1. From the set of residues in region 29-46 that are touching a residue at least 24 places away in the same chain (Cβ under 8 Å) and assigned to a loop (DSSP other than H, G, I, E, B), which is nearest to residue 18 (Cα to Cα)?
2. Step by step: first the residues of region 7-43, then only those that are open to solvent by less than 90 Å² (accessible area, probe 1.4 Å) and in contact with a Phe, Trp or Tyr (Cβ under 8 Å, 6 or more places away or on another chain), then the one that is nearest to residue 64 (Cα to Cα). Which residue is that?
3. Take residue 46 and tell me if it is surrounded by fewer than 14 Cβ atoms within 10 Å (Cβ to Cβ) and on the phi > 0 side of the Ramachandran plot.
4. Mind listing whichever residues of region 1-28 are free of Cβ contacts under 8 Å to residues at least 24 places away in the same chain and part of a loop (DSSP other than H, G, I, E, B)?
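The values are calculated or read from the model by the stated rules, or taken from the named source; none is laboratory data. Since we're looking at a predicted model, the values are computed, not measured. No Cβ is skipped: glycine too gets one built from the backbone with ideal geometry, and neighbour counts run over all protein chains shown. Surface accessibility is based on the protein's heavy atoms, side chains included, excluding ligands, DNA and RNA. Shrake-Rupley method; radii C 1.70, N 1.55, O 1.52, S 1.80 Å.
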Amino acid sequence: MKVNIITDKWCDYCIKAKKLLNDNNFTYNEISLSTEEGKRLMERDDLRTVPQIYFNDELIKGGYTGLKKYLEEQK
């Protein structure tokens, strides 16, 4: 599964989301909001907050909370 996460270095929920992915043995590609790619992805999907997590290019809505719920539903 391809996992991408858009983050900002000052975001506590980004840190929590990355920890949750690590704890569940996911390998992910981190895309910083400070890069052009991160900005472009946020604009493309009309998003305003981070983290934004994509599983196989599908947005997991709700950031960290949405990721936590999604993973709990998969168990």
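1. Applying the filter and picking the extreme gives 33.
2. The extreme case among them is 17.
3. yes
4. 10, 25
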